[in-house]
Amino acid sequence: MTPSARPQDGATDPGETRTIGAMELPAEVVAGVLNRLRRIEGQVRGLQQLVADGRDCRDVATQLAAANR
């Protein structure tokens, strides 16, 4: 499958694999990893905003604990 013909993020063709570095992974595994990374990215942005706003340490600690799950 050419890069322009690839399904959108999260969409997979049954049996499709993707090569990442030296590893070949099923497309659904790659999609799951990408979803988790996006979730982490959002949590980190939230943490950055809490710190920038000078929020209470307990709020930051609570958000940190949630980001580690």
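The values are calculated or read from the model by the stated rules, or taken from the named source; none is laboratory data. Just so it is clear, the model here is predicted, and its values are computed rather than measured. Counting neighbours? That spans all protein chains shown, and the Cβs are built from the backbone with ideal geometry, glycine included. Ligands, DNA and RNA are excluded from the accessible area calculation, which covers all protein heavy atoms including side chains. Shrake-Rupley method; radii C 1.70, N 1.55, O 1.52, S 1.80 Å.
Table for the structure above
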read-out	value
Test set (1) at pLDDT below 90; (2) surrounded by 13 or more Cβ atoms within 10 Å (Cβ to Cβ); (3) touching an Asp or Glu at 6+ places or on another chain (Cβ under 7 Å) - Ala27 fails condition number	(1)
Residues of the range 1-24 satisfying the condition of being over 26 Å from Arg69 (Cα atoms) and at pLDDT 55 or above	Asp13, Pro14, Gly15, Glu16, Thr17, Arg18, Thr19, Gly21, Ala22, Glu24
Tally, over the range 44-69, of residues that are assigned to a helix (DSSP H, G or I), at pLDDT 90 or above and either of a type in the set (Asp, Glu) or open to solvent by less than 70 Å² (accessible area, probe 1.4 Å) (or both)	7
